[in-house]
Amino acid sequence: MKYIYNDQRTTDLLRKSGPARKRAQQIKIGFFFHHRGGDVQRSFPGLLRGIVSQILERVPKLQPSLGPILDEMYRQRLSVTRPGELYANLRETFRNCGIEFGPEQVDAVAWNLREHAEDREDLVRGHLRDKGVPAASDAINKMILSTLKMEKQREEEVRRNLQRRQESGGYPWSLEELEKVLYTLLDQKTAQLDICLFLDALDEYVGEPELIAGFLQRIEQPRMDSRNRVRICFSSRPLETFTQQFGANPGFEIHKYTGDDISHYCRGTIGDRYPQLALLVPEIVRRAQGVFVWVRLVLRDLLAVAVQHHDREQQGELLRDRLSALPDELDLYYAEIINRIDQDFRWDTYVILETLSRTAETISVSMMLSVLALSKVDDYEEAEEELQRLRADDTETAGHMESRLKALSGTLIEFQQGIVRARKDEEHGYDDGYYDGSEDGSEDGEVECVQLMHQTVKDFVLQGVFQEVVSDKWHMKTSQNGHSFLSKAYFFTSTTHYQSYQSRSWAKRVFAQQFARHARDAERTTNRSQYNLITGSAMANAMMDMLMPLQGLDGIYTPQDEALVVAISSGLELYLQDAYQETPTIFKSSGIDFLHILTLALDHLDSAALPSANALNIADFIMANGYAPDISAKGFKHVIRYFNPGGAGYDDVHYARTELIVRVIKSQGSITHFIATYKGKQMPRMIRDRFPEWQDQDGDETTAAHSDASSSFSTDGRAGWEEEELQSGRRRRGWRVLLCWL
């Protein structure tokens, strides 16, 4: 597909679109799905981002047609970061003091406050004195302090938002926004476009193929009153969805046209050394049916025979026998390769292939050795012994380690340089799969990594028959899979090295997220909880601290409490069910503020660590089985503190936090009592709007709140500032930032 996309003949043919399309601007757009790539390379939003960004790069004059959409998105971003709030609050403060400052004057005051954060109170008083306003009255003092307090809270919220934005690579565009932008570009009349999409490997898209198929059908159809046309050229393995929906469209089976390429590859691999093997190339090409990975496996097997037998006549006979014995189907070929491995090593085979099939992350050679060493470990003491043994065995060279892994996997893996998170054990100098050799162990870098040789190996491993093929002795006895092995490896390698990383919050976050993700996926895919792994572990405290770094969790925690915090922060629902069955009073008798833990997890760990659905399921379960949240103002302060009142790009977390509060309130039984506790002022509006009882009291409370200028400010100033912002030159800069996030 890349060859077709880049070839000049493709461009020339696209230009021959007939007289009616001569004035249309030809645009070639390429997107290549890749199952080993990042989210952008494997997802539907990634495809949309690729299409939109390439259209705008080719035709920059189309950007104004997106103005209404970008303005709305920019307005939503303003509601998150609220850059105009300080301006609005200052303007309101001065107005209440009888001073009318123009926008430029307010802007200058705000800039001064930002530059001299430690002297803010004196600066505001000075500006008031310059205008002849006495700044000694209680009302003025309260007004100044309230303004500055609100600014401090705003800055803290912006800091958290920026931190999350940085960790997620920027405010992600929502799927709805991306589709809206794309269809706007296809409907615009500023330019006449003739777009041709070249999409490779649709079968490697991570998701339901029906979604991609439906999308392609929609955008290919002529749009009403549109001057633009979309044509599509895509490649895929023959998935049923694609053959059913696109079978009537022009196309071809590429494997029927790759015979010459396969022949060239075979002769290049064989060379002049083995003429008897070269004689078999036509037969290899015929049986390959265009599948290069089959050819690769066959040549590897046949070359092994040729190397061992030098007598030409005997060699030729053995090669023919060997080729005729090899299966044509890849799944059968993979099964035969597994069967060649000694039964004593089949467990390691299972661990390696299962682990690589269950993760898209980069796994270094040394990390894979840790996974192997810990695959049968059940407790911390055992894990420490295995890791010490692994550290002590430093005589094995990198080449030997790779050879061992390749033999254990049946050579169904390959090695390449990959980028991994840097990590170094300063005490032992031990590379556990993350350290790239930099002196301070703080940089990312390239190390030797291991991966499956082809996507079809993953498909084979994830079939139910794989366990039966790999062993007939223990496959019915294990419920562990690749997620189980990775969760154990991340748990034990991180907690045993915990002291070395106490000062590295980035390391704690990485360890915690990887453990949480795989532990949760292990529960989902095996229907077995992580109870035995976490409960009773001497290092549950270390993992708790890594899941909740520097969050000031007060109180003294028992080992049982620490394990609960780990499970709740990681979203381990089956663990909590097992813990409840073991101790029915566990949620009622524990002194843990579970609501605080869930709120922290949603706020400080990205969605990969605690998805919203898990958080809400856990909240429902623990409240139904003994946990009674503290609904006092003190008990609810953490929930309100981390509540984000808006947030494009954080819809999932925002929804979860809102729904969490609503469910806690509903669990109390008496809504009236809860309303009386808060009197409407301390609870965000979008929470109050979920309850009719609260809305009935909103009018009087809102009037009372706004009548007190020392404690509250109207939103008119902020809204006005946002309108000014949208009309200013900053608006275009905001557009550029949004488009850069594509």
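The values are calculated or read from the model by the stated rules, or taken from the named source; none is laboratory data. These numbers were taken from a predicted model, which means no experiment stands behind them. Cβ: placed from backbone, ideal geometry, glycine included. Neighbour counts: every protein chain shown.
A few remarks follow.
- Tallying residues that are under 19 Å from Leu412 (Cβ atoms), of a type in the set (A, V, I, L, M, F, W, C) and more than 35 Å from the chain's Cα centre (by Cα) within region 285-304 yields 7.
- As a summary of the residue check, Glu317 satisfies the conditions (1) farther than 28 Å from Tyr205 by Cβ; (2) modelled with pLDDT of 90 or more; (3) assigned by TED's automatic domain parsing to the domain that holds His454 except for the one numbered (3).
- Candidates in region 587-613 are the residues that are at pLDDT 85 or above and surrounded by fewer than 21 Cβ atoms within 10 Å (Cβ to Cβ); of these, the one that is nearest to Tyr627 (Cα to Cα) is Lys588.
- For first residues located in region 509-532 and in contact (Cβ under 8 Å) with a residue 60 or more places away in the chain, partners that are among the aliphatic types (A, V, I, L, M) and part of a helix (DSSP H, G or I) and lie 6+ apart or on another chain with Cβ distances below 6 Å form the pairs Ala512/Met546; Ala512/Leu547; His518/Leu486.
- Set Ser375, Ser364: member being surrounded by 19 or more Cβ atoms within 10 Å (Cβ to Cβ), modelled with pLDDT of 90 or more and within 30 Å of Ser479 (Cα to Cα): Ser375
- Some residue of region 206-215 being outside any helix (DSSP H, G or I) and farther than 11 Å from Phe44 by Cα: no
- Here Leu66 meets each of (1) among the aliphatic types (A, V, I, L, M); (2) more than 16 Å from Arg229 (Cβ to Cβ); (3) at pLDDT 90 or above with one exception, condition (3).
- Scope region 454-469; condition within 25 Å of the chain's Cα centre (by Cα) and assigned to a helix (DSSP H, G or I); matching residues: Gln455, Thr456, Val457, Lys458, Asp459, Val461
- Region 36-46, residues that are of a type outside the set (Phe, Trp, Tyr) and either in a helix (DSSP H, G or I) or more than 12 Å from Leu178 (Cβ to Cβ) (or both): Arg36, Gly37, Gly38, Asp39, Val40, Gln41, Arg42, Pro45, Gly46
- Only one of the numbered conditions (1) of a type in the set (Asp, Glu); (2) under 31 Å from the mean Cα position of the chain (by Cα); (3) at pLDDT 90 or above is violated by Asp187, and that is (2).
Yes/no per residue for (1) surrounded by fewer than 13 Cβ atoms within 10 Å (Cβ to Cβ); (2) part of a helix (DSSP H, G or I); (3) not aliphatic (A, V, I, L, M):
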| position | (1), (2), (3) |
| --- | --- |
| Tyr5 | no, yes, yes |
| Gly30 | no, no, yes |
| His34 | no, no, yes |
| Leu48 | no, yes, no |
| Ser53 | no, yes, yes |
| Lys61 | yes, yes, yes |
| Pro68 | yes, yes, yes |
| Asp71 | no, yes, yes |
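- Residue check for Ile195: modelled with pLDDT of 90 or more, aliphatic (A, V, I, L, M), surrounded by 18 or more Cβ atoms within 10 Å (Cβ to Cβ) and closer than 22 Å to Asp225 by Cα: yes
- Count of region 488-547 residues, restricted to those that are modelled with pLDDT of 85 or more and at positive phi, is 1.
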